[in-house]
């Protein structure tokens, strides 16, 4: 493993949802649904598509789709530029959907946090739990 890879941390959050993978996939890949649980966006599930996520807090994340395996895996960059380099973040988000007896296990891994980014790392952990809560609420309302 190269030295740079050992210097970053990965935030991992998992939750089982009582819904089939296809339903979660819709919520992860349809822009109007992504906006309901994550952020405003111009997402398309096409590898190489560059898109932006715009947070309620005014921040903008520059993203690019890296991998799309329908109903199984979705991955994209999650980059935030800031005037202060300590707050800039270059990371990758990977969603993994695994069917279970009761629905789907959804795992998100956000990698790329530098050791000095303890606040961003902790924020990602808390943020993904909050996003998953919103996602669960949205899934209850979807047909």
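Structure summary
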read-out: Some residue of the range 80-90 being within 13 Å of the chain's Cα centre (by Cα) and crowded, with 17+ Cβ neighbours inside 10 Å; value: no
read-out: Failed criterion for residue 58 (all others in (1) touching a residue at least 60 places away in the same chain (Cβ under 8 Å); (2) over 16 Å from residue 11 (Cβ atoms) hold); value: (1)
read-out: Helices (runs of 4 or more DSSP H) fully within the range 1-104 counting 3 or more residues that are within 20 Å of residue 127 (Cα to Cα) and in contact with a helix residue (DSSP H, G or I) (Cβ under 9 Å, 6 or more places away or on another chain); value: 21-29, 31-37
read-out: Complete set of residues in the range 5-32 that are under 16 Å from residue 70 (Cα atoms) and touching a residue at least 60 places away in the same chain (Cβ under 8 Å); value: 19, 20, 21, 23, 24, 25, 26, 27, 28
read-out: Residue list for the range 107-130, restricted to those being surrounded by fewer than 18 Cβ atoms within 10 Å (Cβ to Cβ) and not in a strand (DSSP E or B); value: 115, 116, 118, 119, 122, 123, 125, 126, 127, 129, 130
read-out: In the range 51-66, the residues that are surrounded by fewer than 13 Cβ atoms within 10 Å (Cβ to Cβ) and either in contact with a strand residue (DSSP E or B) (Cβ under 6 Å, 6 or more places away or on another chain) or on the phi > 0 side of the Ramachandran plot (or both); value: 58
read-out: Filter pass, residue 133 being at pLDDT below 95, under 16 Å from the mean Cα position of the chain (by Cα), loosely packed, with under 14 Cβ neighbours inside 10 Å and not in a strand (DSSP E or B); value: no
read-out: Failed item in (1) without any contact (Cβ under 8 Å) to a residue 60 or more places away in the chain; (2) over 15 Å from the mean Cα position of the chain (by Cα); (3) closer than 24 Å to residue 136 by Cβ, with residue 46 passing the rest; value: (3)
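The values are calculated or read from the model by the stated rules, or taken from the named source; none is laboratory data. Since the model is a prediction, treat every value here as computed from it, not as a measurement. Neighbour counts run over all protein chains shown; Cβ positions are idealised from the backbone, glycine included.
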